[in-house]
1. When the convex hull of the C-alpha atoms of region B:153-199 is computed, what volume per residue in Å³ does it have?
2. For region B:221-330, what does the relative contact order come out to in percent, with C-alpha contacts under 8 Å and a separation of six or more?
3. Just to verify a number: what accessible area does A:Glu223 come out at with the full protein assembly present, 1.4 Å probe, Å² rounded to tens?
4. Please report the antiparallel percentage of the DSSP beta bridges confined to chain B, to the nearest 5.
5. Could you order the peptides A:13-26, B:35-48 from most to least packed, using the average number of other C-beta atoms within 10 Å per residue?
6. Quick one: Cα centre-to-centre distance for region A:78-95 and region A:13-52, in angstrom?
7. Per residue and in Å³, how big is the convex hull formed by the alpha-carbon atoms of region A:121-172?
8. Using only Cα atoms and rounding to the nearest 10 degrees, what angle (0 to 90) does helix B:143-155 make with the longest principal axis of chain B?
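The values are calculated or read from the model by the stated rules, or taken from the named source; none is laboratory data. Model, not experiment: these values are computed from the prediction. We place every Cβ from the backbone using ideal geometry, glycine too, and count neighbours over all the protein chains shown. Surface areas here come from the heavy atoms of the whole protein model, side chains and all, with no ligands, DNA or RNA. Shrake-Rupley method; radii C 1.70, N 1.55, O 1.52, S 1.80 Å.
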Amino acid sequence: MANTTTDVRRYPGFLAFTILCLVLLYTPMIIVTIYSFNDSPSITKWGGFSWRWYQDVFFGIEAAKFKTAAWNSLSIATMAGISATVIATSAAIGMIRGNSFKGKSLSFGLINLPLMVPEIVSAVATLIFFSAIGITRGYFSILIAHMVFCIPFAYLPIAARLEGIEKSYEEAAIDLYATRWKAFTKVLMPLLAPGIISGFLLAFIISLDDFIITNFVKGAGVETLPTAIFGSVKQGIKPNIMALSTLMLLVSVFFVSLSYYVSKLGERSR
Amino acid sequence: MANTSALEVRNAVKVYGVKPNDVIALNDVSISVENNEFFTLLGPSGCGKTTLLRMIAGFETITQGSIRLFGENIENLPANKRPVNTVFQQYALFPHMTVLQNAAFGLTMLGKSDKEANSVAGRMLEMVQLGGFADRKPGQLSGGQQQRVALARALAPSPKLLLLDEPLSALDLKLRHSMRVELKQIQEEMGITFIFVTHDQEEALTMSDRMAVMSNGELQQIGTGKEIYEQPGNRFVADFIGETNLLSATVESVKGSHATCVIGNNTRLECVVSDAIEAGSSAHISIRPERISLAKSTVSSAGQDTLTGVVSRYVYLGTDTQCKLLLDDGTKINCRVQNAHGSTTDLAVGERASIHIDQGAARLLVN
């Protein structure tokens, strides 16, 4: 099949185009990663290999700021991820298992709206909404905003998994005297678990990486990692930022791979 | 009532959707199933048999009518409150549980202790000859074995009624045949009323005590296999169960349950009538192919009441031979002769033949 004439690999310029795409996508990240190990304080001149900027991240002048920001980021990502997953799971069950109702496609659109609306619009809207109802900006407002925009990211893998689970499993459970709740916990949940886990991981990583909305709704003094990095960069790029970015990149790669792996595993067990 | 039926469905109606886009899936269906009976719902796909089964199980609501289980109305009970279990078409075994956990699920949900549930489930697995597979996952079993687990799982809580939704359709032919015998045996041993849904008439004939033939959401006929095959109530039943020859006819005179009809080129035929009919009306005659025999057409045998025609084709089918005949008036007729007798084959294709219909084999169908 790889040799058929319709194989995309046989199109002229395929190789060159692929290389161009890969270079554009990954060169910046590779350069940042390489220069995070630069011994020189310059961000363009190579001065030999060193771990000093990693040490600087953990023990330097800005270490305390980064530590608080990292803690904020992780705690918000965990809580927002969990809440978004719970909401997305309920939404998926309602949408897919429920009978058709008026405005079903509208609901589907609403759930996934944050994926399509430009983030800056959501950010401004969220900010205006928070001031209108008088929520003080800070840790809590960031948390609420993250919960909301993480929902569609959690929803998609969960809904995809649920659509692949035959309704007859739940019917069999209920037929065998299980209550609706038991049918959910004993039968549907275990079958849905891979979708739920990968939905959570996706929501977690999206929350961890978010900058625009966070920057709008955070109050003065409360920082997450992305906003802390942005704050530092405004005073000039130092190599410690590259080290911190590389660390975040690692965390992201880890969680995205985990999410992918979990959903693959789920497919096999189906 | 001293003698209540195991199941009594009265005037069941199921309508999907709202007017004017509504679809009537079941139209006024009434059946009553006796205790310990193996009852089959038979019909082509889309005839409403699965809807009726799911309604009895509690997965579908009933639009109108009532369902009684041993005299008690159950149509308003949720599925998990009905003492009725189902064997699903694709088995729906819980893939994350072991075979034993699957079989014990119903009893556990009924609040039985793990020990009791597991011992009953174990016995059920022994009964379906899967005692040694208790710790496997369903995914590690073959289709036939999964089918047995599904059966054990549904029987473990001792339901008052077992519903089977085309459980054999996913198995290969050989396995299907042996499972038929086994299912019937288990039903007789357990003394549980079975309601079996299928579109396979052979399956229905081999296992059922009685069956209900359905079509287009309506009940066509209820009876034993023999009654349905030999005395079909209407054209649909005659055509759906087995093969038949349907000839259009005009009724000449009616005498009790017999009528004299005129078919084709003015040949008279004595028929048994299915429903009351008046002389002069037109109807159809059903004749099973194996009740027709052929003879060489001679001048002497070509009387008024003999149908004659030309042999157009033989189809060898192993146990018997199918013979296609073109009658003089243009009607096509099939007949079947057992190869043990070897009587047809002395007529060559293209030769003239006269046909003889067994006494009582011609049945006049009003509907």
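1. On the way: hull volume 3.6 nm³, N = 47.
Convex hull volume per residue, Cα atoms: 76 Å³.
2. Worked out over region B:221-330, it gives 20 percent.
3. 50
4. On the way: 63 of 83 bridges.
Beta bridges within chain B, antiparallel portion: roughly 75 percent.
5. Numbers: A:13-26: 10.2, B:35-48: 20.4.
Averaged packing, sorted descending, gives the order B:35-48, A:13-26.
6. 38
7. On the way: hull volume 5.9 nm³, N = 52.
Residue-normalised Cα hull volume stands at 113 Å³.
8. 70
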